[in-house]
Each structure stands twice: as structure tokens, then as C-alpha cells.
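Chemist: Below is the structure I would like to discuss, written out as C-alpha cells.
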């Protein structure tokens with residue numbers, strides 16, 4: 001939703017001193033544990049020139065505190081994260097996306113699970129902003145990836161109110177809660193890119209948000225498509241899994257070399273999803289007693305009575321297995337389990 005709001009971001013006077021301002025932000029828990037860029041009026045104004053909307057327009061209410069994410073407040077957090085002004089439209093779209101009810105931000109922000117928001121960019125915006133989609137695409141080293149992902153976390157914390165140990169109840173958390181952002185490597189993708197699959201035009205710029213529980217590296221030199229399906233599916237299978245309990249939306253970040261193996265094997269993306277979905281079914285008896293009961297509470301309407309020998313799929317449908325092609329050369333792909341009670345959301349980026 002959008003519209004004018006009477007409330008404005010709070011302003012305060014502080015010495016123009018980097019160390020002093022960072023001390024103030026540490027004391028008030030407005031940061032993420034790393035040094036922030038002071039959001040001076042001048043820096044925020046430069047950011048707002050790229051908004052395309054009124055500074056007091058509300059983009060969304062951010063759970064769990066349901067703070068008003070105005071354009072100005074998003075801009076303040078973007079400055080703090082070190083974003084270039086051109087990144088602001090990405091964050092506006094991403095903020096709108098995480099507030100979609102099917103994303104279940106309330107659950108994601110307040111759970112004991114280590115779930116982070118993964119931001120994926122598609123379309124011309126990725127090249128225009130220099131967002132990494134190749135070597136080390138979900139690691140360190142590229143300003144756009146690092147600061148956009150970081151700004152998303154600051155928005156979730158400062159506007160949504162999810163402070164660690166308070167409304168953010170994560171038992172351990174994960175490094176992706178600092179920053180988790182990349183683009184799809186569309187040139188290396190043998191199939192239609194993610195945003196086209198999700199209903200957008202090839203030349204549209206989009207952001208997709210994912211409730212990601214972490215990353216699992218899959219290093220295999222297999223050049224045989226059926227064998228590669230098997231080893232990836234066996235990686236997906238794990239008994240202490242929210243996805244098997246609730247019926248999730250598993251994500252695969254396929255390296256270009258593995259994507260090429262599947263292309264040479266003649267698999268379309270839909271065929272690959274179905275093959276992985278079928279091969280990753282797990283006997284319900286592998287769940288712990290408590291988790292089996294939770295799965296019965298959550299999925300009986302979908303699967304019927306769950307006996308120990310019942311083969312439980314990781315997601316309700318093969319189409320729920322999600323595939324992104326990204327990364328550089330190498331025999332690696334990444335399994336990204338999701339929170340289970342969440343579905344990814346995509347939004348067009350207004351430029």
C-alpha cells in the first residue's frame with residue numbers, strides 16, 4: 001500500500017564526528033554491529049532524489065513491530081548501510097515484497113530459526129547497478145550486493161523492530177542476516193530467468209525476496225544429469241527440516257557448470273524441478289517423533305494420514321522447487337532451504 005503519512009522520521013542534532021555518531025548508534029541499537037554511514041540530512045536528500053515518490057509515502061508496514069516504512073525511512077537505512085542513491089528503488093520494491101502476506105514476515109522476523117531475507121535481482125537493473133551474479137555472488141567483495149543486502153536487514157530491524165533477543169528470537173542466526181543479495185547470471189542460464197518464470201517481461205527489472213535458512217555447498221564433478229539429480233536430492237533430504245514439516249519452497253542456486261549438465265541432459269526447468277521433487281521424497285519415519293506430529297498437524301490435509309513409511313515431499317508441488325542460476329566456473333551449486341512457512345515474493349523495480 002502507499003499513501004501520505006503524517007509521521008516523519010525523527011531528527012536529532014549530533015556532533016559531525018564519525019566515531020561519536022557510531023557510538024550513539026551502538027547505544028541506541030540502530031546498527032547491525034558494523035560501522036554505519038551517518039545519515040545526515042544531505043546524504044538522505046541525495047538518496048531521495050531517486051525515490052520517484054513522496055518522502056512521506058508509506059511503502060509498507062514492517063512486521064513484527066509494524067513500523068511505517070516511508071520512503072524517507074527506507075532512505076535513512078540505505079544511507080546507513082552505505083548504499084549509492086541509485087539503489088533506493090531496489091529497496092523500496094524489496095520492502096514492499098517482504099510485507100506481502102504470503103512471505104510471512106511476522107514468522108520470519110520472530111522465529112527461533114536462523115532465517116534471513118535473501119534478495120535476488122533480475123533484469124537490466126542488475127547490470128546497471130553492477131550487482132554480482134558470478135564469482136562469489138553471495139559472498140563479499142561487491143559494493144552493491146553488500147550494501148543492498150545490509151540495508152534490507154537494517155530496514156527489518158529499525159523499521160520492523162526485530163532487535164536480536166527481543167522480537168528477533170533467532171537461536172543462532174546466520175551470517176546472511178548481515179547481508180544476503182545477488183543477481184541471477186542470466187547469460188549462463190540455459191532456461192528462462194527467474195523473473196520471466198514468475199510472470200515478468202525479460203526487460204523488466206525485478207527483486208525477489210526469499211526466506212532463506214542458510215546455504216549448503218554441493219561440490220560434485222558429476223557430468224551425468226540423472227546422477228546430478230540424485231546427489232542434489234539427497235542433499236535436500238534432512239530430517240530436522242521445516243520444509244518437510246510444513247511443505248516448503250526449497251531453493252537451488254545452480255552453478256553454470258551444473259546447469260549446463262542438465263541442459264546437455266535435455267532437461268527443461270520444469271522437468272528438473274519434478275525430478276528433484278520426486279527424488280527428494282523422505283520417509284516420514286525419518287522425522288523425529290515431535291516433528292512427525294508437527295508434520296501431521298501441518299500437512300495431513302495435503303498428504304493424508306502420515307505413516308512412518310509415507311514418502312513426504314519437500315514441497316507441496318514440483319513447481320515449488322525454485323531454481324536460480326548464478327556463480328562463476330566450478331563444480332559447485334548451493335542448496336538454500338527455506339523457512340517452510342514462507343513463499344518468495346517478486347516485485348517490479350520502478351526506475
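The values are calculated or read from the model by the stated rules, or taken from the named source; none is laboratory data. No experiment lies behind these values; they were computed from the predicted model shown. Here the Cβ is made from the backbone with ideal geometry for all residues, glycine too, and neighbour counts use every protein chain on show.
Chemist: Quick one: residue 135 ticks every box in (1) within 16 Å of residue 212 (Cβ to Cβ); (2) out of contact with any strand residue (DSSP E or B) (no Cβ under 8 Å at 6 or more places or on another chain) bar one, so which box is it?
Modeler: (1)
Chemist: Further question: Can residue 115 be described as under 13 Å from the mean Cα position of the chain (by Cα) and over 19 Å from residue 194 (Cβ atoms)?
Modeler: Yes; evaluated as a whole, the condition is true for this residue.
Chemist: When the residues of the range 88-98 are filtered to those that are farther than 14 Å from residue 159 by Cβ and touching a residue at least 60 places away in the same chain (Cβ under 8 Å), which remaining residue is farthest from the chain's Cα centre (by Cα)? First the steps, then the outcome.
Modeler: First, the residues of the range 88-98 that are farther than 14 Å from residue 159 by Cβ: 88-90, 93, 97.
Subsequent filtering for residues that are touching a residue at least 60 places away in the same chain (Cβ under 8 Å) retains 89-90, 93, 97.
Details: 89: 17, 90: 13, 93: 13, 97: 10 Å.
The qualifying residue farthest from the chain's Cα centre (by Cα) is 89.
Chemist: How many residues does the range 263-274 contain that are under 25 Å from the mean Cα position of the chain (by Cα) and under 26 Å from residue 183 (Cβ atoms)?
Modeler: Number of matching residues: 6.
Chemist: Another question, if that's okay. Could you tell me which numbered condition residue 101 fails, if it satisfies all but one of (1) more than 29 Å from residue 41 (Cα to Cα); (2) without any contact (Cβ under 8 Å) to a residue 12 or more places away in the chain; (3) over 17 Å from the mean Cα position of the chain (by Cα)?
Modeler: Residue 101 satisfies all of (1) more than 29 Å from residue 41 (Cα to Cα); (2) without any contact (Cβ under 8 Å) to a residue 12 or more places away in the chain; (3) over 17 Å from the mean Cα position of the chain (by Cα) except (3).
Chemist: Check the range 187-201 and report whether any residue there is modelled with pLDDT of 95 or more, outside any loop (DSSP other than H, G, I, E, B) and loosely packed, with under 14 Cβ neighbours inside 10 Å.
Modeler: There is at least one residue in the range 187-201 that is modelled with pLDDT of 95 or more, outside any loop (DSSP other than H, G, I, E, B) and loosely packed, with under 14 Cβ neighbours inside 10 Å.
Chemist: Restricting to the range 255-273, and then to whatever is in contact (Cβ under 8 Å) with a residue 40 or more places away in the chain and under 29 Å from residue 303 (Cα atoms), can you tell me which residue is surrounded by the most Cβ atoms within 10 Å (Cβ to Cβ)?
Modeler: In this case the residue turns out to be 272.
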